[in-house]
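Next up is a structure, given as structure tokens.
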């Protein structure tokens, strides 16, 4: 589904990714862990198409298409979703309106008829149950005045509504209490399906107790330094990241 | 100086002559209080004339373009052809709500429908009600010109000198009016630049509740002057929701004052929306005159081309335990310019005042400009007053966020721009009014999208 080959990227002239390789197949959940500044969030932002990052070398294909050649909205329309680490507020636009705009933009790109507000409300009510929310959030402006936890849940609501092929969760667990974490994990697990894949970017192992990954990668200094099974995450939790570094340098 | 050379002094003299020829003689038939009000007003205008940008209150708004045109009541269209089709664009669709229509400031009974209101509610012409005297006439005498004072703004003086007719809405104690009342002021210029002086007086007695919309528009795309004054009185515990829509011709000039007086425990929620005129100025003032008053004073302007709007607000906390919230958003495209001055006065003794003021400006082009100045005068110590202003283009982070949800940049920009207006419209407490404003703003934003852009 997603194939990243020798990806190099810079921001403000500074190289952040230095030859990253990653392959994600349909049906899989990959966790990407690593210390602060290793390039985890940069990778997530590059996949979504953030204009501040410049890819200087390498290739990314998504479902056989050159992802780097696509605009951010085209990536979303093709089924890629990024749950933001820092979701942005949008003045005056209610959550319901925003979600419908996104769903309809994607449906339009697929040649499907747009949903009217009433049909869409039915879809929304069902998805709200998944994340354990009442509909009071629907009429509040997008992320405006939301608490940190509410913003993260809102990202998951968007994911549930947009039903992406590949979801990238960028530190969705940061700032969540344990109940919110479980809710978020349940929503992600609910979306697991043979034709979908998920990349979970996280600093801590905690989330991976609830979202069981198929593969765990450790990102150090812009490269995948080590990949392994879910036990690798436990080892990182116990030993920290420092022991990885030398091995990466040797490799 | 030759006649019609178009200086501010000529313009002033022309208006003074017109007053003495056309208005003063009719004063002999008017009640003494009204004649006195006009005389005091014209004396004030003769004294100060048009404002200049050397005056602090007019620093960002030059009325020099006004002086180049000899605005006059003489240029009213003699037989304006106004039919229902004109009203359709200005009034919400469907039957029901009471509406009063005024052409060049004068009540047009054949275009109006003022029946169907609860017993005791009066809606109609100021001039008619003054002539008929009675209790309603007494209410007019008590309030007309007593709130919007002529020494605050030369145009208030001018409009008060020329006051002849306008809208009067009176809601007696305890009466609640369900559907919003619509007041529509149409400028119908004839053979030259016309001037009209629409006037509104709204009085809600103790415990009354009413919502009202004032719309100002022109029937033709021409240069004309609308100099309007609205006075709005909410007695003890009364609740007023009021919207003001300024959608004049983009060649027109619109100078207006709205002054609110609030008694104890009253609630006033106002929203002023400006999308029209080449040059417009709206002074909105409110006096919180009794404890427990609640005021929302919001505004929105959506401008393009070389349009200029100046919102000058004054909230006077004259009593303790009052709350005021003020939110003005400006959406400025092309070379448009928005000015916002927000003055908040907390009088000695007005303890426990809670006041919040925000002014946001969205600049859609490099040439658009916004000026924002808060003026806080606080003379009490136990108060909470906050203010803030923002100015800038659409947030690129939000643009990217929307794109990652599948929305193309063009649509994302439209959505965010619309959101900027929806933030204001969403605060309007009456659903019918929200829909009416929403339709107006969507049509206005589309105007910008469809026309060839002046600035690439």
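The values are calculated or read from the model by the stated rules, or taken from the named source; none is laboratory data. Here the structure is a predicted model, which means the values were calculated and not measured. Positions of Cβ are generated from backbone atoms using ideal geometry, with glycine treated the same way; all protein chains shown enter the neighbour counts.
Residues in the range A:146-166 that are away from chain B (no Cβ under 12 Å), farther than 18 Å from residue A:107 by Cβ and under 12 Å from the mean Cα position of the chain (by Cα): how many?
3
What is the number of the single condition among (1) farther than 27 Å from residue B:395 by Cβ; (2) surrounded by 22 or more Cβ atoms within 10 Å (Cβ to Cβ) that residue A:63 does not meet?
(2)
For the structure I just gave you, tell me whether residue B:289 is on the phi < 0 side of the Ramachandran plot and surrounded by 24 or more Cβ atoms within 10 Å (Cβ to Cβ).
So residue B:289 fails the test.
Does at least one position in the range B:109-116 carry a residue that is in a loop (DSSP other than H, G, I, E, B) and at pLDDT below 90?
Checked against the condition, which is being in a loop (DSSP other than H, G, I, E, B) and at pLDDT below 90, the range B:109-116 yields at least one hit.
Identify the residue in the range B:354-369 that is touching a residue at least 40 places away in the same chain (Cβ under 8 Å) and within 14 Å of chain A (Cβ to nearest Cβ) and, among all such residues, is farthest from residue B:314 (Cα to Cα).
Checking each candidate, the answer is B:362.
Let me ask something additional. Name the residue, out of B:192, B:207, that is touching a helix residue (DSSP H, G or I) at 6+ places or on another chain (Cβ under 6 Å), surrounded by fewer than 24 Cβ atoms within 10 Å (Cβ to Cβ), assigned to a loop (DSSP other than H, G, I, E, B) and touching a residue at least 12 places away in the same chain (Cβ under 8 Å).
Values: B:207 fails: touching a helix residue (DSSP H, G or I) at 6+ places or on another chain (Cβ under 6 Å).
Residue meeting the stated conditions: B:192.
So how many residues does the range A:13-29 have that are assigned to a loop (DSSP other than H, G, I, E, B) and without any contact (Cβ under 8 Å) to a residue 24 or more places away in the chain?
So the first thing to find is which residues in the range A:13-29 are assigned to a loop (DSSP other than H, G, I, E, B), and the list is A:13, A:25-28.
Add one more test, that the residue is without any contact (Cβ under 8 Å) to a residue 24 or more places away in the chain, and what stays is A:13.
Qualifying residue count for the region: 1.
I would also like to ask the following. Name, by its number, the condition in (1) closer than 28 Å to residue B:210 by Cα; (2) within 13 Å of chain A (Cβ to nearest Cβ); (3) touching a residue at least 24 places away in the same chain (Cβ under 8 Å) that does not hold for residue B:440.
Only one criterion in (1) closer than 28 Å to residue B:210 by Cα; (2) within 13 Å of chain A (Cβ to nearest Cβ); (3) touching a residue at least 24 places away in the same chain (Cβ under 8 Å) is unmet by residue B:440, namely (2).
Residues that are under 30 Å from residue B:424 (Cβ atoms), within 13 Å of the chain's Cα centre (by Cα) and touching a residue at least 60 places away in the same chain (Cβ under 8 Å): does the range A:30-40 have at least one? Steps first, please.
In the first step, residues of the range A:30-40 are kept if they are under 30 Å from residue B:424 (Cβ atoms); the result is none.
So far as the range A:30-40 goes, no, none of its residues is under 30 Å from residue B:424 (Cβ atoms), within 13 Å of the chain's Cα centre (by Cα) and touching a residue at least 60 places away in the same chain (Cβ under 8 Å).
Considering B:46, B:40, which residue is under 26 Å from residue B:313 (Cβ atoms) and either at pLDDT 90 or above or in a helix (DSSP H, G or I) (or both)?
B:40
What are the residues in the range B:247-278 that are farther than 24 Å from residue B:439 by Cα, more than 12 Å from the chain's Cα centre (by Cα) and assigned to a strand (DSSP E or B), if any?
Those that are farther than 24 Å from residue B:439 by Cα, more than 12 Å from the chain's Cα centre (by Cα) and assigned to a strand (DSSP E or B): B:261, B:262, B:267.
For the range B:385-410, which residues satisfy the criterion of being more than 7 Å from chain A (Cβ to nearest Cβ), touching a helix residue (DSSP H, G or I) at 6+ places or on another chain (Cβ under 7 Å) and either surrounded by fewer than 17 Cβ atoms within 10 Å (Cβ to Cβ) or part of a loop (DSSP other than H, G, I, E, B) (or both)?
Once the filter is applied, which keeps residues that are more than 7 Å from chain A (Cβ to nearest Cβ), touching a helix residue (DSSP H, G or I) at 6+ places or on another chain (Cβ under 7 Å) and either surrounded by fewer than 17 Cβ atoms within 10 Å (Cβ to Cβ) or part of a loop (DSSP other than H, G, I, E, B) (or both), the range B:385-410 yields B:394, B:409.
Another one. Has the range B:154-175 got at least one residue that is without any contact (Cβ under 8 Å) to a residue 24 or more places away in the chain and in contact with a strand residue (DSSP E or B) (Cβ under 9 Å, 6 or more places away or on another chain)?
no
Among the residues of the range B:238-246, is any more than 21 Å from residue B:302 (Cβ to Cβ) and outside any strand (DSSP E or B)?
The answer is yes, given that some residue of the range B:238-246 is more than 21 Å from residue B:302 (Cβ to Cβ) and outside any strand (DSSP E or B).
Looking only at the range A:104-118, decide whether some residue is more than 7 Å from every other protein chain (Cβ to nearest Cβ), within 20 Å of the chain's Cα centre (by Cα) and within 21 Å of residue A:168 (Cα to Cα).
no
Just to be sure I understand, how many residues within the range A:73-103 are within 18 Å of the chain's Cα centre (by Cα) and assigned to a helix (DSSP H, G or I)?
Of the residues in that region, 8 qualify.
Which of (1) modelled with pLDDT of 95 or more; (2) buried (at least 16 other Cβ atoms within 10 Å of the Cβ) does residue A:25 not meet, given it meets every other one?
Every condition holds for residue A:25 apart from (2).
Considering each residue of the range B:129-153, count those that are assigned to a helix (DSSP H, G or I) and either touching a residue at least 40 places away in the same chain (Cβ under 8 Å) or out of contact with any strand residue (DSSP E or B) (no Cβ under 7 Å at 6 or more places or on another chain) (or both), and give that number. Even if it seems obvious, please write down each step before you answer.
Our first condition is that a residue be assigned to a helix (DSSP H, G or I); within the range B:129-153, this holds for B:129-132, B:134-143.
Subset that is either touching a residue at least 40 places away in the same chain (Cβ under 8 Å) or out of contact with any strand residue (DSSP E or B) (no Cβ under 7 Å at 6 or more places or on another chain) (or both): B:130-132, B:134-135, B:137-143.
Going through the range B:129-153 one residue at a time, the tally reaches 12.
Still on this structure, please answer the following. For the range A:148-156, does any single residue satisfy the condition of being surrounded by fewer than 17 Cβ atoms within 10 Å (Cβ to Cβ), touching a strand residue (DSSP E or B) at 6+ places or on another chain (Cβ under 6 Å), more than 28 Å from residue A:112 (Cβ to Cβ) and in contact (Cβ under 8 Å) with a residue 24 or more places away in the chain?
Looking through the range A:148-156, none of the residues is surrounded by fewer than 17 Cβ atoms within 10 Å (Cβ to Cβ), touching a strand residue (DSSP E or B) at 6+ places or on another chain (Cβ under 6 Å), more than 28 Å from residue A:112 (Cβ to Cβ) and in contact (Cβ under 8 Å) with a residue 24 or more places away in the chain.
Any residue that is part of a strand (DSSP E or B), within 14 Å of chain A (Cβ to nearest Cβ) and closer than 30 Å to residue A:102 by Cα - is there at least one of those in the range B:330-344?
Within the range B:330-344, one or more residues are part of a strand (DSSP E or B), within 14 Å of chain A (Cβ to nearest Cβ) and closer than 30 Å to residue A:102 by Cα.
May I pose another question? Hey, could you check the range B:21-37 for residues that are over 17 Å from residue B:145 (Cα atoms) and loosely packed, with under 11 Cβ neighbours inside 10 Å and say which is modelled with the highest pLDDT?
The residue in question is B:21.
Next up: Can you tell me which condition residue B:428 does not meet? The list is (1) under 23 Å from the mean Cα position of the chain (by Cα); (2) more than 14 Å from every other protein chain (Cβ to nearest Cβ), and all the others hold.
All conditions are met except number (2).
For the range A:41-80, what are the residues that are away from every other protein chain (no Cβ under 14 Å), free of Cβ contacts under 8 Å to residues at least 24 places away in the same chain and either in contact with a strand residue (DSSP E or B) (Cβ under 6 Å, 6 or more places away or on another chain) or closer than 14 Å to residue B:409 by Cα (or both)?
A:68
May I ask you to list the residues in the range B:224-237 that are closer than 24 Å to residue B:430 by Cα and assigned to a loop (DSSP other than H, G, I, E, B)?
Within the range B:224-237, B:235, B:236, B:237 qualify.
Which number in (1) more than 26 Å from residue B:32 (Cα to Cα); (2) surrounded by 24 or more Cβ atoms within 10 Å (Cβ to Cβ); (3) within 13 Å of the chain's Cα centre (by Cα) marks the one condition that residue B:187 misses?
Unmet for residue B:187, out of (1) more than 26 Å from residue B:32 (Cα to Cα); (2) surrounded by 24 or more Cβ atoms within 10 Å (Cβ to Cβ); (3) within 13 Å of the chain's Cα centre (by Cα): (3).
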